[in-house]
Amino acid sequence: MTSALTPAATIVAFDPQTATESDWVALNQFKNAMLAERRPEDPPHPVEHTHANLLGVPAFIEARLWIARTGDPHAIIGWGRVAIIHTGENAHLAQAEVEVLPAWRRQGLGRTLLAQIAAFAEAAERRLLLLQTYGTVPAGAAFAEHIGATVGLGGHTNQLDTQTLPPSLLAGWRTTAAARNPDLTLGLWEGPYPEAEIAEVARLMEITNHQPLGDLEIEDFHWTPDQIRQQDTAMQQRGATRWTLYARHGLTGALAGFTEVFIDPHKPAVLQQGFTAVWPHYRNRGLGRWLKAAMLEKVLSELPQVRWVRTDNADSNAAMLKINRELGFQPYQAESIWQVPLARVRQYLAE
């Protein structure tokens, strides 16, 4: 599908399955330009990173993407993306992204991309859009406000410099927590979850529903073994690796908590910290610190190329922020998740 925008730009659908090599190069150049604005300290990503991220998506996620082109067939000046999940939950939601190069903003391009997103979301019978903005790109928040969105959850990407991490702190946390939890032992899964553990992992993931969500209209997620398999398949397609450190009760075999990190071969100096979660009846025993400390000791020992560990935290997640601050995590980038009813988007587009 192609739609006219201005004499200088057009909107076209981008299909990752059929895109040409030159399409991928152009998209990667655009994404690196946006990355340089959002995170100027980061090096540009190789085209393989962009390719892997758009193709490595779980089967239960349906996504559409549009790009804005100029007369130069090798230049992309904006993009819009929308994704919905088919899990039987949160069937009212669609997640949207709209990005435009600075020189092309305030010319109606974002509105036109949003119209494509809204049409898809409406056809999928979704009533609420979620968008994410970054403190380093004020234009994102301005656009969200302009279309009538409101902030549902504020947070930060927090970053740890591994060169400032005292090994004695990690050893102390590990020793103290192990003494307080003699009924628990730690174990590790590297890569996809073992098939024999999938059902137990699905139950373990229920803990993630305890994280603060502010005012976001989001229902709890109840992951199934098949959805977890799809996530693992997508992770492998992206070339990423996950380490999951878990705590298990020695007598019952029940899992008490876990922490996970993701290793991206295209960003060797940056490690992404995922969830860290503990069941309520195991809290206040230092288990979260034990899991984090043991994982970081493994990272320091086996991944010397990692300089930075990044994690996303809601500003209201006091318990996790306390642990992260003690480790030395510092705010790196402010982030906001916005929500806007699709009816309000339609009103904006009609104005």
Fill in the blank from the handout: Taking region 236-251 and keeping only residues that are among the hydrophobic types (A, V, I, L, M, F, W, C), touching an Asp or Glu at 6+ places or on another chain (Cβ under 9 Å) and either without any contact (Cβ under 8 Å) to a residue 12 or more places away in the chain or open to solvent by less than 30 Å² (accessible area, probe 1.4 Å) (or both), one is left with ALA240, TRP243, LEU245
Exercise for the section: Could you please find all residues in region 23-46 being assigned to a helix (DSSP H, G or I), surrounded by fewer than 18 Cβ atoms within 10 Å (Cβ to Cβ) and of a type in the set (Lys, Arg)? Expected result: ARG38
Exercise for the section: Would you check if VAL98 is β-branched (Val, Ile, Thr), under 24 Å from ALA115 (Cα atoms), assigned to a loop (DSSP other than H, G, I, E, B) and open to solvent by 30 Å² or more (accessible area, probe 1.4 Å)? Expected result: no
Exercise for the section: Kindly check whether there is at least one residue in region 74-84 that is out of contact with any Pro (no Cβ under 6 Å at 6 or more places or on another chain) and modelled with pLDDT under 95. Expected result: yes
Completion exercise
region 252-351: helices (runs of 4 or more DSSP H) wholly inside it with 3 or more residues that are within 20 Å of LEU165 (Cα to Cα) and open to solvent by less than 60 Å² (accessible area, probe 1.4 Å) are 287-302, 318-327
Exercise for the section: Report whether or not HIS49 is open to solvent by less than 50 Å² (accessible area, probe 1.4 Å) and either in a loop (DSSP other than H, G, I, E, B) or not aliphatic (A, V, I, L, M) (or both). Expected result: yes
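Given the residues THR175, THR185, which is the only one that is open to solvent by 60 Å² or more (accessible area, probe 1.4 Å), outside any strand (DSSP E or B) and of a type in the set (Ser, Thr, Tyr)?
Only one candidate qualifies: THR175.
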Handout entry: Which numbered condition ALA75 fails, given (1) open to solvent by 10 Å² or more (accessible area, probe 1.4 Å); (2) over 18 Å from PHE14 (Cα atoms); (3) in contact with a helix residue (DSSP H, G or I) (Cβ under 8 Å, 6 or more places away or on another chain)
Key = (2)
Practice task
Quickly run through region 125-153 and pick out the residues that are open to solvent by 20 Å² or more (accessible area, probe 1.4 Å), closer than 17 Å to ALA314 by Cβ and among the β-branched types (Val, Ile, Thr).
Solution key: THR150, VAL151
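With GLY148, GLY214, GLY152, GLY135 as the choices, which residue is in contact with an Asp or Glu (Cβ under 6 Å, 6 or more places away or on another chain), in contact (Cβ under 8 Å) with a residue 12 or more places away in the chain and under 28 Å from ALA96 (Cβ atoms)? Break it down stepwise before answering.
Values: GLY148 fails: in contact with an Asp or Glu (Cβ under 6 Å, 6 or more places away or on another chain); GLY214 fails: in contact with an Asp or Glu (Cβ under 6 Å, 6 or more places away or on another chain); GLY135 fails: in contact with an Asp or Glu (Cβ under 6 Å, 6 or more places away or on another chain).
Sole residue among the options that is in contact with an Asp or Glu (Cβ under 6 Å, 6 or more places away or on another chain), in contact (Cβ under 8 Å) with a residue 12 or more places away in the chain and under 28 Å from ALA96 (Cβ atoms): GLY152.
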Exercise for the section: Examine region 262-273 for a residue that is modelled with pLDDT under 95 and among the aliphatic types (A, V, I, L, M), and state whether such a residue exists. Expected result: no
Exercise for the section: State which residue is modelled with the highest pLDDT when the search covers only region 184-234 and only residues that are polar (S, T, N, Q) and within 24 Å of ALA293 (Cα to Cα). Expected result: THR185
Exercise for the section: Can you confirm whether region 148-171 contains a residue that is in a strand (DSSP E or B), more than 25 Å from the chain's Cα centre (by Cα) and closer than 29 Å to ARG289 by Cα? Expected result: no
Practice task
Inspect all residues belonging to region 271-293 and state whether any of them is out of contact with any Leu (no Cβ under 9 Å at 6 or more places or on another chain) and under 28 Å from PRO138 (Cβ atoms).
Solution key: yes
Handout entry: Failed criterion for GLY108 (all others in (1) surrounded by fewer than 17 Cβ atoms within 10 Å (Cβ to Cβ); (2) farther than 25 Å from GLU37 by Cα hold)
Key = (2)
Exercise for the section: Filter region 6-18 for residues that are among the hydrophobic types (A, V, I, L, M, F, W, C), assigned to a loop (DSSP other than H, G, I, E, B) and at pLDDT below 95 and give the result. Expected result: ALA8
Problem - Any hit, region 30-45, residues being within 15 Å of PRO16 (Cα to Cα), under 17 Å from the mean Cα position of the chain (by Cα) and modelled with pLDDT of 95 or more - result: yes
Problem - Restricting region 27-67 to residues that are touching a Ser or Thr at 6+ places or on another chain (Cβ under 7 Å) and among the hydrophobic types (A, V, I, L, M, F, W, C), the residue that is nearest to ALA234 (Cα to Cα) - result: PHE60
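The values are calculated or read from the model by the stated rules, or taken from the named source; none is laboratory data. Treat the numbers as computed from the prediction; the structure is a model and nothing was measured. Glycine gets a Cβ as well: all are built from the backbone with ideal geometry, and neighbour counts include every protein chain shown. The accessibility values were calculated without ligands, DNA or RNA, using every heavy atom of the protein model including side chains. Shrake-Rupley method; radii C 1.70, N 1.55, O 1.52, S 1.80 Å.
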